[in-house]
Amino acid sequence: TYIKEPLLEFAEGGQHVEPKLGILRYGPKTLADGNRHPKLVRVGLIGTAGSIEAAQQWLQKCSNGFPGDAKHEEFPGFMQDRGFFSELAFDPQWVSQISQTEIAELRNLHRKRDRFDQLLKLIDSKLAVLAGKDLPPQYIVLCIPTDLHADWRAVDFNDATLGHVHRDFHRAFKALAMRYRMGVATLERRLTYTK
């Protein structure tokens, strides 16, 4: 049985099956409710110095929007006057940096399972710091370097009780971050930038 995609609701009762087109045509559902719709969305970043800078520049560039082409719809952006009708807010207090020393300590662990677990513990400590701020970020972007992500994207091992276990870093990170009641995203592509 084929079940059709449900219609999503947007501002002013607009409906569309495609989220991008719904945002482009109508705006977000909360737009008509000035009390619920945020003017700013506080974005926190976790990563190395270079990956944080590249991620912030990339997010700011995307916020301006992109024109469409024959294969892709226009992305209206994430600005107060179009698209999501909100603005991404960045602040140094919402940044938690992973140091080169911390990365070296992870790389010194012999078993991949141990490296995976320690990376999660490290990210957990960074999330705890950001969540403990007087005004914490609402969303966290994890922007770890590509090589680090490639090394520990997933781990498989045998457990005496559970048998074969497969752990995915993206899923483990999302489950971990749910405790802090923040939205999360991972940037898993190589971020390059020019100064």
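No value in this document is a laboratory result; all are computed from the given coordinates. Everything quoted here is computed from the prediction, not taken from an experiment. Positions of Cβ are backbone-derived with ideal geometry, glycine not excepted, and every protein chain shown enters the neighbour counts.
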> Can you list the residues, at least 5 places off or on another chain, whose amide H is less than 5 Å from the amide H of Ile140, using H built in the peptide plane?
Replying inline: Gly44, Gly183, Val184, Ala185
> For region 1-97, which chymotrypsin sites (Phe, Trp or Tyr not before Pro) are in a loop by DSSP, counting at most 12 other Cβ atoms within 10 Å?
Replying inline: Tyr2
> Hey, what's the Kirkwood Rh for region 35-81 if you take every pair of different alpha carbons, in angstrom?
Replying inline: 12.7
> In terms of modelled amide H atoms, which long-range or inter-chain residues lie less than 5 Å from the amide H of Phe66?
Replying inline: Phe75, Gly77
> Can you give the Rg to Rh ratio of region 125-180, both from alpha-carbon atoms, with Rh computed by the Kirkwood formula?
Replying inline: 1.08
> Antiparallel as a % of all DSSP beta bridges within the chain, to the nearest 5?
Replying inline: 40
>> Restricting to DSSP H runs of at least four residues, report the calculated mean residue ellipticity at 222 nm for the chain, -39500 (n - 2.57) per run over all residues, nearest 500 deg cm²/dmol.
In response: -10500 deg cm²/dmol
> How big, in percent, is the set of alpha carbon pairs in region 14-121 lying more than 16 Å apart?
Replying inline: 69
>> What's the magnitude of the charge dipole for the chain around its Cα centre, counting Lys and Arg as +1 and Asp and Glu as -1 at the beta-carbon? Answer in Debye, nearest 20.
In response: 220
>> In whole Hz and in residue order, list the ³J(HN,Hα) couplings for region 81-96 that follow from phi through the Karplus curve 6.51 cos²θ - 1.76 cosθ + 1.60, θ = phi - 60°; x for Gly and Pro.
In response: 10, 6, x, 8, 6, 9, 10, 6, 10, 10, 8, x, 6, 9, 10, 10
> Short version: ³J(HN,Hα) in whole Hz for each residue of region 33-48, in order, from phi by Karplus 6.51 cos²θ - 1.76 cosθ + 1.60 (θ = phi - 60°), x for Gly and Pro, what are they?
Replying inline: 9, x, 6, 9, 7, x, 7, 10, 10, 7, 10, x, 10, 10, x, 7
> Each residue of region 118-133 in turn: what ³J(HN,Hα) in whole Hz from Karplus with 6.51, -1.76, 1.60 and θ = phi - 60°, glycine and Pro shown as x?
Replying inline: 5, 5, 5, 5, 5, 5, 4, 5, 5, 4, 4, 5, 5, 5, x, 5
> Amide H to amide H, which residues 5 or more places from Ala154 or on other chains are under 5 Å from it, using H placed in the peptide plane?
Replying inline: Phe169
> About the Cα centre of region 27-83, what is the dipole size in debye to 20, counting +1 per Lys and Arg Cβ and -1 per Asp and Glu Cβ, all else neutral?
Replying inline: 220
> Mean separation of Cα pairs under 8 Å and 6+ residues apart, divided by the residue count of the chain: what relative contact order is that in percent?
Replying inline: 21
>> Using Cα springs under 10 Å in a Gaussian network model of the chain, which residue among Lys29, Lys121, Lys71 shows the largest mean-square fluctuation?
In response: Lys71
